[in-house]
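Below is one structure, written out as structure tokens; the observations come after it.
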Amino acid sequence: MSPVANEGLAYVDALHNLARYLTGNQTDAEDLVQETYARALRAEHQFTPGTNLKAWLFRILRNTFLSLYRRQRHDPTVGGLDTVEADAQGAGIESWLLGDIELDRLRKVVGEEIEAALMTLSEEARTVVLLDLEGLTEVEVADIAGCAVGTVKSRLARARAALRQKLKDYAR
Amino acid sequence: MTCDDVRTRLLDYQRGRLPLPTQAEVRTHLDACADCGRAEAVEQELTSVLEHRLPQYPASLALKRRLAAEWPARAVERSWWSRWRPALVPSLAVASVLLMVPPILYYERATSRAASERASLVGEAVNDHLRVLSSQHPLDIESGGLHQVKPWFEGRLDFAPVVAFEGDAEFPLRGGAVGYFRDRKAAVFVYARRLHPISLLVFRAEGLAWPTRELTRIGSVEAYTTAERGFNVIMWRTRELGYALVSDVDARDLRQLAARMAGGQ
């Protein structure tokens, strides 16, 4: 039996979590995960045994999301991470970044605020932050996102800077 | 190394992705530079906030059931002989006359039977876990700690379940229930990992065809680890008792829990 059929379902929670943060709602997330698994089974012969199955499934999920969902909706952040980046790196970021006050504020934020902050980021930024949390390497994230490793590195740094900026605002 | 050099490498530094000399250089700079030290603390805190406080959305049990129902049935693992038989049969036909058939047939039947038994045990463990999850009252006794759950089983089982792990902050013990594993009663201890329930089934192991191959050492035991229908399963045996740990948590997390349990046996 192929690794996809044998172990694929073990990653359903991680896939659903990313799907939920991409689509923003439970129903679409479940549909996205189901479609992801359907596509994975159809393409299981393309999976290379010995490589990261979880990363392979994430790539299918993201491609499925892009083809099915993102084009259907008005997404103000479709313009890309650069939009977020410009906001995040606005004037004065260094002044709060380095202070003990910011550290104190970060320690007080609650789950809803973190989620809200994450959802304000572009889909690309959300994806790199969540995949990084899943413990994937930069090479794997680059493969999933379809970009260079250097791009992943800079996207992640900018996304985290944007998150810190948002969380600073929430914690005031 | 300047402050700018360090700031751009902070995340890689925290992830241990830098070459060792660069890692040491960054460490030295952080020890000496208070501003960069604070910046590093902020990055660390952000990672901690994301890892521990960002809400997680695991798949619902309903979705898991739908996917499991549509998933290809897990085939009994085929032996190497089964895979190569079509190519080898012609040439072996002659040789088989010279005494090869009996041992080969015996081997094939034995390995096939062992794989089938193994798959059956794993399937039973996953089914028992699902029964616990889908029950309206999954716990017969809510946990006030292992000292409260274990005595509760007295008189309800025909054996004493040996479980030393009391649960901790990462894997709290939620409670226990009496279940069945195949034809025998089982003690079911329910732990949790964040929102995910984890079932530990303890049962008498005699008469069960326990896996003897592809075992991995976890703590002090040789365990069989696998995944079925989206659930990770770890099984081991200690003297006359069998243990099956089942959950949809990440395989690494489940292994950590198994190590804590097996370490105490």
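Observations on the structure shown:
- For segment A:1-47, residues that are part of a loop (DSSP other than H, G, I, E, B) and modelled with pLDDT of 90 or more total 4.
- Residue that is surrounded by 12 or more Cβ atoms within 10 Å (Cβ to Cβ), within 30 Å of B:Gly230 (Cβ to Cβ), away from chain B (no Cβ under 14 Å) and at pLDDT below 75, where the choices are A:Arg59, A:Arg70: A:Arg70
- Scan of segment A:109-146 for residues that are without any contact (Cβ under 8 Å) to a residue 12 or more places away in the chain and among the β-branched types (Val, Ile, Thr), ordered by number: A:Val110, A:Thr137, A:Val139
- For segment B:40-67, the candidate set comprises residues that are small (Gly, Ala, Ser) and part of a loop (DSSP other than H, G, I, E, B); within that set, the residue that is farthest from B:Gln23 (Cα to Cα) is B:Ser60.
- For A:Asp132: the one exception among (1) in a helix (DSSP H, G or I); (2) surrounded by fewer than 21 Cβ atoms within 10 Å (Cβ to Cβ): (2)
- Answer residue from segment B:1-54, given it is surrounded by fewer than 14 Cβ atoms within 10 Å (Cβ to Cβ) and under 32 Å from the mean Cα position of the chain (by Cα) and is farthest from A:Leu130 (Cα to Cα) among those: B:Gly16
- Residues that are β-branched (Val, Ile, Thr) and within 9 Å of chain B (Cβ to nearest Cβ) within segment A:130-147 comprise just one, A:Thr137.
- Some residue of segment B:108-117 being within 17 Å of B:Ala244 (Cβ to Cβ) and at pLDDT 70 or above: yes
- Only one of the numbered conditions (1) more than 8 Å from chain B (Cβ to nearest Cβ); (2) of a type outside the set (D, E, K, R); (3) closer than 19 Å to A:Thr127 by Cα is not met by A:Tyr21, and that is (1).
- Subset of segment A:114-129 (residues that are more than 9 Å from every other protein chain (Cβ to nearest Cβ) and either outside any helix (DSSP H, G or I) or not basic (Lys, Arg) (or both)): A:Ala116, A:Ala117, A:Met119, A:Thr120, A:Leu121, A:Ser122, A:Glu123, A:Glu124, A:Ala125, A:Thr127, A:Val128
- A:Phe47 vs. criteria surrounded by fewer than 21 Cβ atoms within 10 Å (Cβ to Cβ), more than 8 Å from chain B (Cβ to nearest Cβ), of a type in the set (Phe, Trp, Tyr) and over 16 Å from B:Ala68 (Cβ atoms): yes
- Remark: pairs (first residue in segment A:35-63, among the aromatic types (Phe, Trp, Tyr); second residue not in a helix (DSSP H, G or I); Cβ separation under 8 Å; 6+ apart in sequence or on different chains) = A:Tyr37/B:Trp71; A:Phe47/A:Ser2; A:Trp56/A:Phe47; A:Phe58/A:Glu134; A:Phe58/A:Leu136.
The values are calculated or read from the model by the stated rules, or taken from the named source; none is laboratory data. Small disclaimer: the values here were computed from a predicted structure and weren't measured. Virtual Cβ from ideal backbone geometry, glycine too; neighbours counted across all protein chains shown.
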